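Working notes, structure below.
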Amino acid sequence: MYEARFGLKRRPFPSLPDTALYYPASSHEAALAASLRGVADQEGLILVTGNPGTGKTLLAHLLLDRLGADTQTAFLTNSHFADRSALLQAILFDLGLPYSPGSEQMLRLRLTDYLLKQWSAGKPTVLILDEAHLLSLDLLEEVRLLSNLEAGQGKAFQAILLGLPEILATVRHPLMATFEQRLAVRAQLSPLVVEEALDYVLHHLRLAGGNAEKIIDETALDVIARAARGLPRLLNQAAHQALMLADAAELAQVDAEAALEALSLLGLQEAGAEREEVHPPDENESQLMDDGRPILGLLPTEPEQARRAM
């Protein structure tokens, strides 16, 4: 790999989420703070949405790291379950309980009993559900019912759901009125603005132990940052590909030619040319859902073509 050539101690742009390389972009920080505040405030249901590549799974791992030792967590990375029994079995398994066959009601009672015992021992449980847009109405209702579980003055079970924006249409279904009313915390991950995208690449190179400004020239950095449309996933792919190409060509620095070739290999050149620069919202400008409700800590919504590209 290219680490030796560019004086790096590790791969700076990994293909899997790595909290050690987290870049504190404004919308990510807002979503993280809102989620942690919701847990602290004993809110039963918390929802974070974001288009593909915006960093929802990384945010889930950050939440796991920051919830603290006094909180028991379960993390389901895939929310595609056939029925309520499958969901309950998955939660039980991730909590470390051995598999035990049983009816849906038996599984629910087993989970409820365990959650209440954990609460009594001073460990409330937080379930983090990634890819939550895959959950059916029935499964979302099961999550809501579990979030009703209270012991004394607090919640024995809370759920943080992370998913694509289409989950918003699901929770607005007439049959989901009660679920929607219980969503006390909602946050949205937005693409990085151009300035953040530039800093994101440099940030990762620095954390990997390199002299960022010497590894990539300004033109190459700008080309990559703009072509990736502010999506961390595409920034990682483009920067990694450019470093590999520069290494193969035995370059001392990633230049514009290496960056453009990397974008071409990833099919990002045209998308980068079409990108409109995104600016942070004015401090006094209210950010609203499409039905008029405020969203916590938002930047402008990602352009539709960014969604199509993924």
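Annotations
- In nm, spacing of pseudo-spin labels at Glu261 and Glu195 (7 Å Cα→C-beta vector): 3.4 nm
- The chain: Lys pairs at Cα distance under 29 angstrom, eight or more positions apart or on different chains: 6
- Leu97 sits among other residues whose Cβ lies under 15 Å from its own Cβ, and their net charge, with Lys and Arg +1 and Asp and Glu -1, is +2.
- Against the chain, whose longest principal axis is taken from its Cα atoms, helix 256-266 shows a tilt of about 40°.
- The convex hull of the Cα atoms of the stretch 131-236, projected and averaged over all directions, covers 9.6 nm².
- DSSP beta bridges in the chain [antiparallel fraction, %, rounded to 5]: 10 percent
- Within the shell of other residues whose beta carbon sits under 13 angstrom from the beta carbon of Tyr114, the net charge comes to +2, with Lys and Arg scored +1 and Asp and Glu -1.
- Charge dipole (Cα centre; +1 on Lys/Arg Cβ, -1 on Asp/Glu Cβ; no other charges) of the stretch 192-274 amounts to roughly 320 debye.
- Computed FRET value (nearest 0.05) for Ala252 with His173, which takes r as the C-beta separation and R₀ as 51 Å: 0.35
- Each Lys and Arg contributes +1 and each Asp and Glu -1, all at the Cβ; summed about the Cα centre of the stretch 79-119, the dipole is approximately 100 debye.
- Dimensions (Å) - the stretch 192-274, Cα atoms, principal axes, largest first: 30, 24, 19
- Modelled this way, with points 7 Å down the Cα-to-C-beta line, the labels at Thr112 and Ala20 are 4.4 nm from one another.
- By the helix-only formula, in which each DSSP H run with n ≥ 4 contributes -39500 (n - 2.57) and the sum is divided by residues, the chain has a 222 nm mean residue ellipticity of -14000 deg cm²/dmol.
- Kirkwood-type radius of the stretch 26-189, with distances r between different C-alpha atoms, in Å: 15.8 Å
- Angle in degrees between helix 104-120 and the longest Cα principal axis of the chain, rounded to the nearest 10: 80 degrees
- Radius 13 Å from Cβ of Pro24, net charge of other residues (Lys, Arg +1; Asp, Glu -1): -2
- Taking every C-alpha pair closer than 8 Å and separated by at least 6 residues, the mean separation divided by the residue count of the chain gives a relative contact order of 26 percent.
- Charged-residue dipole, Cβ positions (Lys, Arg, Asp, Glu), the chain about Cα centre, Debye nearest 20: 1220 debye
- The alpha-carbon positions of the stretch 211-251 define a convex hull whose volume is 67 Å³ per residue.
- Inter-site label distance for Gln42 and Arg10 at 7 Å from Cα along Cβ, in nm: 3.8 nm
- Viscosity 1.567 mPa s, temperature 4 °C, Stokes-Einstein D of the stretch 1-94 from Kirkwood C-alpha radius, µm²/s: 82 µm²/s
- When you restrict to C-alpha pairs under 8 Å that are six or more residues apart and normalise by the size of the stretch 90-207, the relative contact order lands at 21 percent.
- Length gained on full extension, Leu137 to Asp217: 23.8 nm, using 0.36 nm per residue less the C-alpha separation.
- Using alpha-carbon coordinates, inclination of helix 218-227 to the longest axis of the chain, degrees: 40 degrees
- Listed values (1) 21.4, 65; (2) 24.5, 106; (3) 19.9, 67 include one computed from this model; for Rg and Dmax of the Cα atoms in Å that value carries the label (1).
Laboratory data are not the source of any read-out in this text; all were calculated from the coordinates shown. Small disclaimer: the values here were computed from a predicted structure and weren't measured. Glycine gets a Cβ as well: all are built from the backbone with ideal geometry, and neighbour counts include every protein chain shown.
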